[in-house]
Amino acid sequence: MDWLSALEREVKVSRDGGTYVARPETYEQVREVVSLANRMGFTLTPAGTRSHTIGPPRRADVVLSTLELRGVVEVSRANSFITAKAGTLMEELERRLSEDELLLPFPYKGTLGGLASVNSPGYFSAWVGFPRNFLLGARLVTGYGSLVLSGGRTAKFSSGYKIWKSLSGTLGWLGIYVELTFRTLPEPEEVKVGSFSGDWRSTLKYRPWGILYLAHERKWIGVFAGSRNYVRSVSAQLDLTDESLPELEASCPRVVGLHVTRGTEAEVLSSLSPEWGVGFVGTGYSRLCTEESEESLRSKVKGYVVVERGSASEYWGFSSPVLCALKRALDPQGVLSPGVFDNCLPPSRATTY
């Protein structure tokens, strides 16, 4: 294969089973690999630790690994941000932030680039939302091989198109993060996790960082953080029962995510009676174990259905003209993540399974 020889001249390439893995060490090498793919007609799937399971398997010629792009670039306690390379492991990032008593409030077991690309909610999402809400800017490589600096290091940055936000949650389908800047929070003195009874809305006046509904246990979990005195006062007023943080990842073979109207997460989960389910109250997102088909769920749920693990016909449960327009603008040759929204591209570029 001529393209493989050309690729090996640009970056380190290894074999993982039947898959070629390219391991660029610089941002420029990432750009060159994507440019080469456009010129020579092979396809790429960006990946970090390859820990997420969302959607059907992506069958590209080459996995472009970001794991050689590691390291914290800058931490600013005064301006509350951290900039790091996309392949930096989250545990490494958390250790560095703790030195400055800062917190990036999103639990994730992969890389920083994966956190942004998956854009999954977490324990604190009732307060902080999704990772995309904290993403201030990024260096990224588009699907046509252009290295772009987009966004900034302050929340007030508003110049130009928000390409760095457009990539968040698209799993590398539009471009590849190589460096990211996230807003951070001061590390709270104390974090309290406890179950409570009654209407979850009654807890809102206490400003919970997280509200979780565990459908399989029919239990409400509140996460409160801040000064020690405040957290203990809230715990007493709500009569919280001590709990540990629940697992947000299920071990069942088929995991489905639901996007519904914010505030209805528990109601929707309860109507489906899953064997396991977590509602991230206030985000509109729930995750559950179910063998029901996408079609059956869509007939019962007013919202979008996303298969996180298991067979799926679509990644996000819907086809979007906006996403198609972005695909044609940022990856017109369909180099990245083939098989996802192939209907956005000319038939000659679509992948057939």
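The values are calculated or read from the model by the stated rules, or taken from the named source; none is laboratory data. Quick caveat: nothing in here was measured; it's all calculated off a predicted structure. Cβ placement follows ideal geometry from the backbone for every residue including glycine, while neighbour counts extend to all protein chains displayed. All accessible areas refer to the heavy atoms of the entire protein, side chains included, with ligands and DNA or RNA removed. Shrake-Rupley method; radii C 1.70, N 1.55, O 1.52, S 1.80 Å.
What to note about this one:
- Largest accessible area first, the listed residues Ser150, Ser5 line up as Ser5, Ser150 when surface is computed with a 1.4 Å probe on the assembled protein chains.
- Of Arg262, Arg201, Arg298, the residue with the greatest mean-square motion in the GNM of the chain, using alpha carbon springs below 10 Å, is Arg201.
- Distance between segment 100-153 and segment 236-253 - C-alpha centres, whole angstrom: 25
- Checked against a 23 Å cut-off, the cross-linked pairs Lys109/Lys302; Lys85/Lys109; Lys165/Lys300; Lys109/Lys205; Lys162/Lys327 give Cα-Cα distances beyond that limit for Lys109/Lys302; Lys165/Lys300; Lys109/Lys205.
- Solvent-accessible area, 1.4 Å probe, carbon plus sulfur percent, for segment 1-114: 43
- Per residue convex hull volume, Cα atoms of the chain, in Å³: 141
- Accessible area (Å², 1.4 Å probe, nearest 10) - Tyr144: 110
- Simple point charges give the picture: +1 on the Cβ of Lys and Arg, -1 on the Cβ of Asp and Glu, and for segment 175-252 a dipole about the Cα centre of about 380 debye.
- Average Cα contact separation per residue, the chain, under 8 Å, 6 or more apart, as relative contact order %: 17
- Cα-Cα pairs of segment 239-338 separated by more than 19 Å (percent): 50
- Among Gly113, Gly284, Gly334, residue whose mean-square fluctuation peaks in a GNM of the chain (springs only between Cα atoms under 10 Å): Gly284
- This model, with +1 at the C-beta of Lys and Arg and -1 at the C-beta of Asp and Glu, gives the chain a dipole about its Cα centre of some 860 debye.
- With a simple spin-label model that places each label point 7 Å from the Cα along the Cα-to-Cβ direction, the separation between Asp2 and Val72 comes to 4.7 nm.
- With contacts taken as Cα pairs under 8 Å at a separation of at least 6 residues, segment 199-261 carries a relative contact order of 21 percent.
- Dipole magnitude for segment 1-154: computed about the Cα centre from +1 point charges on Lys and Arg Cβ and -1 point charges on Asp and Glu Cβ, it is near 300 debye.
- Accessible heavy-atom area order of Lys12, Lys109, highest first, probe of 1.4 Å: Lys109, Lys12
- Annotation: Asp199 carries an accessible surface of approximately 80 Å², with a 1.4 Å probe and no ligand, DNA or RNA atoms counted.
- The calculated 222 nm mean residue ellipticity attributable to helices in the chain amounts to -6500 deg cm²/dmol, summing -39500 (n - 2.57) over DSSP H runs of n ≥ 4 and dividing by all residues.
- If the convex hull is drawn through the Cα atoms of segment 1-102, its volume per residue in Å³: 125
- Accessible-area composition of segment 133-273, carbon plus sulfur, in percent [1.4 Å probe]: 47
- The mean accessible area for residues of the chain, using a 1.4 Å probe and ignoring ligands and nucleic acids, is 45 Å² per residue.
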